[in-house]
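Enquirer: I have a structure I would like to understand better, so I am pasting it below and will then ask my questions one at a time.
The values are calculated or read from the model by the stated rules, or taken from the named source; none is laboratory data. Computed from a prediction, not measured in an experiment: that's the story for all the values here. Note that each Cβ is placed from the backbone with ideal geometry, even for glycine, and that neighbours are counted across all protein chains shown. For the accessible areas, the whole protein counts, side chains as well, though only heavy atoms, and no ligand, DNA or RNA atoms are used. Shrake-Rupley method; radii C 1.70, N 1.55, O 1.52, S 1.80 Å.
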Amino acid sequence: MTTILSNEEVYIEMMDISRKMNELYKENKLSERNELVPRWRELYRIYDFGFSIKEKVQTIAWRRTTWNEEAIIIEHTKDNYFLIRNEKGWVVYVPGFQIRKIKEQEPEPMQLTLF
């Protein structure tokens, strides 16, 4: 019997497995680590990142340290990778963890009265 996991449960399990994989890698237990990879990939494929086509997002795909580069999502693959294009026209496939929604900034309040 298969149970349907919520998106939050998928994320939590995926992060738990990631932590275990990192610990095993640090201990040089690569065969045990590699046994966890199929389950992590299965969870990654069913996780909903919440992005849509033609949505503007921030990415670290070209600069690995800052999130300031903007890109537009062109395609979403069945393996949960996203084809994005930046302002320079560069196109690349990235995993969902390398993009995030742009936080809308609230406009500064306007002064409506003169003291």
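Enquirer: Hey, among the residues in the stretch 1-40 that are among the aliphatic types (A, V, I, L, M), open to solvent by 80 Å² or more (accessible area, probe 1.4 Å) and closer than 27 Å to Phe51 by Cα, which one's modelled with the lowest pLDDT?
Expert: In this case the residue turns out to be Ile4.
Enquirer: Would a scan of the stretch 44-66 turn up a residue that is among the acidic types (Asp, Glu) and touching a residue at least 40 places away in the same chain (Cβ under 8 Å)?
Expert: We begin by selecting, within the stretch 44-66, every residue among the acidic types (Asp, Glu); these are 48, 55.
Then drop every residue that is not touching a residue at least 40 places away in the same chain (Cβ under 8 Å), which leaves 48, 55.
Yes, some residue in the stretch 44-66 is among the acidic types (Asp, Glu) and touching a residue at least 40 places away in the same chain (Cβ under 8 Å).
Enquirer: Give the residue that is modelled with the highest pLDDT, with candidates limited to residues of the stretch 52-103 that are basic (Lys, Arg) and under 26 Å from Arg39 (Cβ atoms). Steps first, answer last, please.
Expert: Narrowing the stretch 52-103 to residues basic (Lys, Arg): 54, 56, 63-64, 78, 85, 88, 100-101, 103.
Of the ones still in play, those that are also under 26 Å from Arg39 (Cβ atoms) are 78, 100.
Numbers: Lys78: 82, Arg100: 88.
Result: Arg100.
Enquirer: Another question about this same structure. Tell me which residues, restricted to the stretch 59-92, are open to solvent by less than 40 Å² (accessible area, probe 1.4 Å), among the polar types (S, T, N, Q) and out of contact with any Gly (no Cβ under 6 Å at 6 or more places or on another chain).
Expert: Thr59, Thr77, Asn86
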